Amino acid sequence: MSKTVFYFGEGLAEGDPKRKDLLGGKGAGLAEMTSLGLPVPAGITLSTELCNAVLAENKSVRDDAGVRDAVLTALARIEASQGAKLGDPAKPLLVSVRSGARASMPGMMDTILNLGMNDAVAEGMAKKTGSPRFAYDAYRRFIAMYSDVALGVKRELFEHALEEARHGVARSRGIDTTRYNGEELRRMVPDSELPAEDLRKIVDAYKAVVKKATGKDFPAEPRDQLWGAIDAVFHSWGNHRAIVYRRMHDIPDSWGTACTIQSMVFGNLGDTSATGVAFTRDPSTGEKRLYGEWLPNAQGEDVVAGIRTPHALSAAHAGGSEKETSLEVKMPEAYKAFVAVAEKLEKHFRDVQDIEFTIQEGKLYILQCRSAKRTGRAAVRTAVEMAKEGLITHEEAVLRVDPSAIDQLLHPTLDPAAPKKLLARGLPASPGAAQGYIVFNADEAERRAGQGKPVILVRVETSPEDIHGMKAARGIITARGGMTSHAAVVARGMGKACIAGCSAIHVSYEKQTMAITVYGEDGKPNETVTLKKGDLITIDGGTGSLYEGAVPTVPAGLGGEFGELMVWADAVRTMKVRANADTPLDARTARGFGAEGIGLCRTEHMFFEEERIAAMREMILSDDEPSRRKALAKLLPSQREDFIGIFREMNGLPVTVRLLDPPLHEFLPNDDKQIEALSVTMGVSAEKLRQRTKDLHEFNPMLGHRGCRLAVTFPEIYEMQFRAILEAALAVSKEGVVVIPEIMIPLAISKAELVKMREILDVVKLEVLGADSKLAFTFGTMVELPRAAVMAGELAEVAEFFSFGTNDLTQATMGLSRDDAGKFLPAYIESGILPKDPFVSLDQEGVGALVQMAVERGRKTKPNIKLGVCGEHGGDPASIGFFQKVGLAYVSCSPFRVAIARLAAAQAALRAKAQS
Ligand code: PEP
Ligand code: MG
């Protein structure tokens, strides 16, 4: 292993800030800030490689003499730089030990603060700072955190002693504690008001808790504490919530986390000390303004945990009386220093920064900075504005926005004209409108959502344990916490609507209700509404508003900065983006999103409507050609009308029409009523139809009588469809519409099949168009079976284009049923056997290899063969990157993903350019 221990401090950093893979995002950021000369407390970063080694061998870092010595040498440098020593009561040094992976995983792994505390050090700190309250508060926080993270003692076990002390203080102030619940008491007597004597007792009580739970004394030797903390932080890479988060964000397990040990500075040394978090631009809207929150006399965790609701940073952005509590007003010097640092950091990193700071007795320290997590809306706005400010190029702006994140922009918002009853307002933590039934815990959210019910998760505050419920819910509301609380940060990352710090709601988990004090126009409370589990509510995370019932929504608009970004994206994109659309309305929607053609019109979808499905069933159940033709004749006019509508919408753009590919089971009658009705229209006995349905039953319909196999046995089906296409094309071209039809054969496996299909079509062509029509069309096939990929060289002798049907190709290549794999695939992904769901993101190594082979073989036969993809993967950003690499001409995806695909295709083109 190469170097694993990296010191930073006093303007010098051993680690290379570019090596996030090694130092983690946090470690790299600290190295970089140190080198920039910013006020960063000294520290050490242990590499992700070391984490992986520790986890693989299940050992302790202290077992490796080399690492141990390197840590102790670097620790001596921290001690020298701070003029303090770990464990020295006269000059105590305390450190934080934090996790930090390559990608930000807020709150998912563990952190320990105030390490180095023991009885003697606490006493020394009390003397040195003149504040026993501060020293014992730090000590008791340390015991609780360390015990939870490194010793596996549950946090709740420490609550009792703390609450007992709080009750005592409350009673001494004449408060009748029986009249208030825990939350109300915490507001009346915050932690910061517990006196030193009580804290001392709490420390003793905490130590007793540890002894009882572990059978051992709490470790008093700071070096023992240090090794235990490092091991625990490394191991927190493997905890449940971190794993869930990695699955959701496609973070590989192999990355590991780095561990940073850093000299502590204190925001809770009294009223001249403070702590806060800030974003250099608004992470929710993207507006250019310093946006942040702070708390006087507090530690960093207080801001993030949402236990106290923090104040605004800048006076200009604090509402009403809040101005007075802004950092700008309370500590103008520190505020000014911070503004300068924030500007410097944003300019240096050329991106929006999320900065954690602490002010210790008036002096500002920067603890962390990283690229800020932001909503899709904010990502677009900041990228476009930074490009206009000249901070980044247009191309960089295009690369800055995660294509999946713009999904949020494409979602509906509340209909402004709809009547609605506003119940309460909280912080607009993550935009989007969501309606759902109230649930009060994460497990229930997951269960209800699993049953197909939309739910809104309502919590006093959320913690990383709630992540599965947040994922399942449509939206989240918390009663406590700020814009950087767990709920806010995680919801933004997930693109979920979220209201945080909605203090008008009073949640009772016990009664499963929330009581809401509703305020009138005059700002006075005028009623209390109590909602219970299962009641419907609507939230607007963009404004922080909570409404009664289900409020109607309106579709998203695509103009403004988003439009500008898409213009830049389209300018660099080399692949076209088409849509999968089966109706004129779909086609119009797709064009609205910028689709450059239809890549897949699934004609069987046109037959699901009530009247048509009857004719379709009639056709399928007919047992001779004349009856089949009779049923087909009924389908022809509606089929032609559909094509007319689609061709008109797509005037001037190509439309790939796939001929019928029905897995038959989707169309067979499934109850007696349907059979009776059919028996009347067809003039055939119900008994006979029942028998015919049985005969048609297939054990494996996906590998059965579908695709062009249907036309091999019943050519008249494709004849009818092709006639409908040509007649529609003729009709609209007479109106001046430019039609570019592409006829696509599904599920082919051989050249002979395609030759036969072409013969069927040529007969119809002659009949409809005559010998020398100007109306042109192209003839191609889907490549959606492994044999088709292997035989692509021969297929290309007949086909003018290939469209990869990666849904079937994945199913057939992996032997995974599209309909049934949902039952066991999650276990494959959770256990890491497969990195992702292969039906969502292309299995590039396996299925992708077949795509690549078909591309090469097809091109060898026909160098100009047109190549595209129309499986669901055509809308998946990672797969789009692959399709760019293999050189496809276009991707085709659902209309709502077209904008995402345009951006992803632009990014793929830019990455390809950078590599060449
Ligand atoms: C495919 O198989 O990828 C495809 C687009 O066809 P369908 O999903 O209709 O089978
Ligand atoms: Mg298919």
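Kindly indicate the residue of the range 755-781 that is basic (Lys, Arg) and in contact with a Ser or Thr (Cβ under 9 Å, 6 or more places away or on another chain) and also nearest to ligand 2 (Cβ to nearest atom) among those meeting that condition.
Start the filter on the range 755-781 by keeping residues that are basic (Lys, Arg), which leaves 756, 758, 765, 774.
Now restrict to residues that are in contact with a Ser or Thr (Cβ under 9 Å, 6 or more places away or on another chain): 765, 774.
Details: LYS765: 25, LYS774: 32 Å.
If we take residues in the range 755-781 being basic (Lys, Arg) and in contact with a Ser or Thr (Cβ under 9 Å, 6 or more places away or on another chain), then LYS765 is nearest to ligand 2 (Cβ to nearest atom).
Criterion applied to GLU872, GLU830, GLU856 was being within 16 Å of ligand 2 (Cβ to nearest atom) and either on the phi < 0 side of the Ramachandran plot or among the hydroxyl-bearing types (Ser, Thr, Tyr) (or both), and the one residue passing it is GLU872. Yes or no: the range 801-808 includes at least one residue that is within 16 Å of ligand 2 (Cβ to nearest atom), within 28 Å of ARG591 (Cα to Cα), without any contact (Cβ under 8 Å) to a residue 60 or more places away in the chain and in a helix (DSSP H, G or I). Within the range 801-808 (the criterion being within 16 Å of ligand 2 (Cβ to nearest atom), within 28 Å of ARG591 (Cα to Cα), without any contact (Cβ under 8 Å) to a residue 60 or more places away in the chain and in a helix (DSSP H, G or I)), the answer is no, since none of the residues qualifies. ILE760 falls short of the stated requirement of being of a type in the set (A, V, I, L, M, F, W, C), within 16 Å of ligand 1 (Cβ to nearest atom) and either more than 18 Å from PRO654 (Cα to Cα) or not in a strand (DSSP E or B) (or both).
Scan the range 145-159 residue by residue and report those that are under 33 Å from the mean Cα position of the chain (by Cα) and either crowded, with 22+ Cβ neighbours inside 10 Å or not small (Gly, Ala, Ser) (or both).
If we filter the range 145-159 for residues that are under 33 Å from the mean Cα position of the chain (by Cα), which is where we start, we get 145-156.
MET145, TYR146, SER147, ASP148, VAL149, ALA150, LEU151, VAL153, LYS154, ARG155, GLU156 - these are the residues of the range 145-159 that are under 33 Å from the mean Cα position of the chain (by Cα) and either crowded, with 22+ Cβ neighbours inside 10 Å or not small (Gly, Ala, Ser) (or both).
If GLU794 satisfies all but one of (1) within 16 Å of ligand 2 (Cβ to nearest atom); (2) not in a loop (DSSP other than H, G, I, E, B), what's the number of the condition it fails? Exception for GLU794: condition (1).
Of everything listed in (1) small (Gly, Ala, Ser); (2) in contact (Cβ under 8 Å) with a residue 12 or more places away in the chain; (3) more than 12 Å from ligand 1 (Cβ to nearest atom), the single unmet condition for ALA812 is (3).
When restricted to residues that are closer than 13 Å to ALA278 by Cα, in contact with a helix residue (DSSP H, G or I) (Cβ under 8 Å, 6 or more places away or on another chain) and not charged (D, E, K, R), the range 364-401 contains 5. Of all residues in the range 700-713, at least one satisfies being more than 22 Å from GLU611 (Cα to Cα), modelled with pLDDT of 95 or more and more than 16 Å from ligand 2 (Cβ to nearest atom).
Give the residue, chosen from GLY822, GLY832, GLY881, GLY887, that is free of Cβ contacts under 8 Å to residues at least 24 places away in the same chain and either more than 15 Å from ligand 1 (Cβ to nearest atom) or closer than 26 Å to SER254 by Cα (or both).
Numbers: GLY832 fails: free of Cβ contacts under 8 Å to residues at least 24 places away in the same chain; GLY881 fails: free of Cβ contacts under 8 Å to residues at least 24 places away in the same chain; GLY887 fails: free of Cβ contacts under 8 Å to residues at least 24 places away in the same chain.
Step by step, each of GLY822, GLY832, GLY881, GLY887 is checked, and only GLY822 is free of Cβ contacts under 8 Å to residues at least 24 places away in the same chain and either more than 15 Å from ligand 1 (Cβ to nearest atom) or closer than 26 Å to SER254 by Cα (or both).
Does the range 480-500 contain at least one residue that is within 23 Å of VAL554 (Cα to Cα) and more than 17 Å from the chain's Cα centre (by Cα)? Within the range 480-500 (the criterion being within 23 Å of VAL554 (Cα to Cα) and more than 17 Å from the chain's Cα centre (by Cα)), the answer is yes, since at least one residue qualifies. Just to verify a result, which residue in the range 348-384, among those that are surrounded by fewer than 19 Cβ atoms within 10 Å (Cβ to Cβ) and charged (D, E, K, R), is nearest to VAL489 (Cα to Cα)? Filtering the range 348-384 for residues that are surrounded by fewer than 19 Cβ atoms within 10 Å (Cβ to Cβ) and charged (D, E, K, R), the one nearest to VAL489 (Cα to Cα) comes out as ARG350.
Return yes or no: is LYS59 out of contact with any Leu (no Cβ under 8 Å at 6 or more places or on another chain), of a type outside the set (Ser, Thr, Tyr) and more than 30 Å from PHE338 (Cβ to Cβ)?
Numbers: out of contact with any Leu (no Cβ under 8 Å at 6 or more places or on another chain): yes; of a type outside the set (Ser, Thr, Tyr): yes; more than 30 Å from PHE338 (Cβ to Cβ): yes.
Yes; evaluated as a whole, the condition is true for this residue.
The lone criterion from (1) closer than 24 Å to PRO662 by Cα; (2) away from ligand 1 (no atom under 16 Å from the Cβ); (3) of a type in the set (Ser, Thr, Tyr) left unmet by SER773 is number (1). Is it the case that ARG98 is closer than 25 Å to VAL149 by Cα and in contact with a strand residue (DSSP E or B) (Cβ under 8 Å, 6 or more places away or on another chain)? It is true that ARG98 is closer than 25 Å to VAL149 by Cα and in contact with a strand residue (DSSP E or B) (Cβ under 8 Å, 6 or more places away or on another chain). Candidates ILE646, ILE675: the one that is more than 40 Å from the chain's Cα centre (by Cα), surrounded by 15 or more Cβ atoms within 10 Å (Cβ to Cβ) and away from ligand 2 (no atom under 16 Å from the Cβ) is ILE675.
Answer with yes or no whether ALA914 is free of Cβ contacts under 8 Å to residues at least 12 places away in the same chain, away from ligand 2 (no atom under 16 Å from the Cβ) and closer than 23 Å to VAL401 by Cβ.
So ALA914 passes the test.
Any idea which of SER485, SER503 is of a type outside the set (Lys, Arg) and touching a Gly at 6+ places or on another chain (Cβ under 6 Å)?
Details: SER503 fails: touching a Gly at 6+ places or on another chain (Cβ under 6 Å).
Of the residues listed, the single one that is of a type outside the set (Lys, Arg) and touching a Gly at 6+ places or on another chain (Cβ under 6 Å) is SER485.
Tell me, please, whether a residue that is touching a His at 6+ places or on another chain (Cβ under 7 Å), crowded, with 20+ Cβ neighbours inside 10 Å and closer than 18 Å to CYS708 by Cα can be found in the range 864-873.
Looking through the range 864-873, none of the residues is touching a His at 6+ places or on another chain (Cβ under 7 Å), crowded, with 20+ Cβ neighbours inside 10 Å and closer than 18 Å to CYS708 by Cα.
For ALA101, indicate whether it is surrounded by 23 or more Cβ atoms within 10 Å (Cβ to Cβ), hydrophobic (A, V, I, L, M, F, W, C) and more than 35 Å from the chain's Cα centre (by Cα). Against the criterion (surrounded by 23 or more Cβ atoms within 10 Å (Cβ to Cβ), hydrophobic (A, V, I, L, M, F, W, C) and more than 35 Å from the chain's Cα centre (by Cα)), ALA101 does not qualify. Among the residues making up the range 376-434, those that are of a type in the set (Asp, Glu) and part of a loop (DSSP other than H, G, I, E, B) are GLU389, ASP402, ASP415.
Apart from one condition, GLY469 fits all of (1) on the phi < 0 side of the Ramachandran plot; (2) more than 17 Å from the chain's Cα centre (by Cα); (3) crowded, with 20+ Cβ neighbours inside 10 Å; the exception is (2). The lone criterion from (1) more than 16 Å from ligand 2 (Cβ to nearest atom); (2) modelled with pLDDT under 90; (3) surrounded by 18 or more Cβ atoms within 10 Å (Cβ to Cβ) left unmet by GLN844 is number (2). Applying the set (1) crowded, with 17+ Cβ neighbours inside 10 Å; (2) within 34 Å of the chain's Cα centre (by Cα); (3) more than 27 Å from LYS363 (Cβ to Cβ) to GLU49 leaves exactly one unmet item: (1). With the structure loaded, tell me whether GLU784 is buried (at least 24 other Cβ atoms within 10 Å of the Cβ) and within 16 Å of ligand 2 (Cβ to nearest atom) or whether it fails that test. When the stated conditions are applied, GLU784 passes them.
You will find that of ALA429, ALA504, the residue that is crowded, with 22+ Cβ neighbours inside 10 Å and touching a residue at least 60 places away in the same chain (Cβ under 8 Å) is ALA429 and no other.
The values are calculated or read from the model by the stated rules, or taken from the named source; none is laboratory data. Since the structure is predicted, the reported quantities are computational estimates derived from the model, not experimental observations. Note that we place each Cβ from the backbone using ideal geometry, even for glycine, and neighbour counts take in every protein chain shown.
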